[in-house]
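Beneath this line is the structure, given in structure tokens, with notes to follow.
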Amino acid sequence: MRLVLQLDLATLPEDPAVGLLQIFQGGGTQLARIVAADAAPIADEGPAWNGRAIVGFSKAKADFPSVAHDPARTEGTLDDDQRATLRDLHLGGDKVGGWPDWLQDPVYPAHEGRTFDRLLVQLVGGRLVPADFGDAGHAYVFADPNDPSKVALVTQSY
């Protein structure tokens, strides 16, 4: 499996998690994990690619759940104008934090009775990272709300 993304969580705006978030992909399998920031380097067996460093984050923007793909997390009492406004405020693309831009129905991962519903990272395949998450696919990495050192990765495509 090759390393697709490594992100130092301590550099994220307003994020209590520590360590390195790593996403791997290979042979039709994807994996996300958090390791200690001082962990030994990874022996990457995948094809070589030129890595890019994240040197900062743009100004924080408000994000809202997707009206189209996450109606359970949006108000059922909104009128059409309010729904249109909310639709315009939902952010898609590659992002850190916010709400997932689901391509299909929401799939919040769960483990030991807890729903991982805090989005750490959303990636659009082939855009900023050399990864393929299916036909125009997205990858979503969620953190356990009670233990930010536990993460789960979900992918969706058209």
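FYI, it's all coordinate maths here, none of it is from the lab. Here the structure is a predicted model, which means the values were calculated and not measured. In this analysis, Cβ positions are derived from the backbone assuming ideal geometry, glycine residues included, and neighbour counts consider all displayed protein chains.
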Quick shape check on the range 76-158: root eigenvalues a ≥ b ≥ c of the Cα gyration tensor, a/c under 1.5 is rounded, otherwise prolate if a/b tops b/c, else oblate, and it reads oblate
Under 5 Å from the placed amide H of residue 121, counting only residues 5+ away or on other chains, we find 97, 141
For the range 136-149, in residue order, the Karplus 3J(HN,Hα) values (coefficients 6.51, -1.76, 1.60; θ = phi - 60°; whole Hz; Gly and Pro = x) are 6, x, 10, 10, 10, 10, 10, 10, 5, x, 9, 9, x, 7
By the mean-Cβ-within-10 Å protection proxy, highest first, 92-102, 24-34 rank as 92-102, 24-34
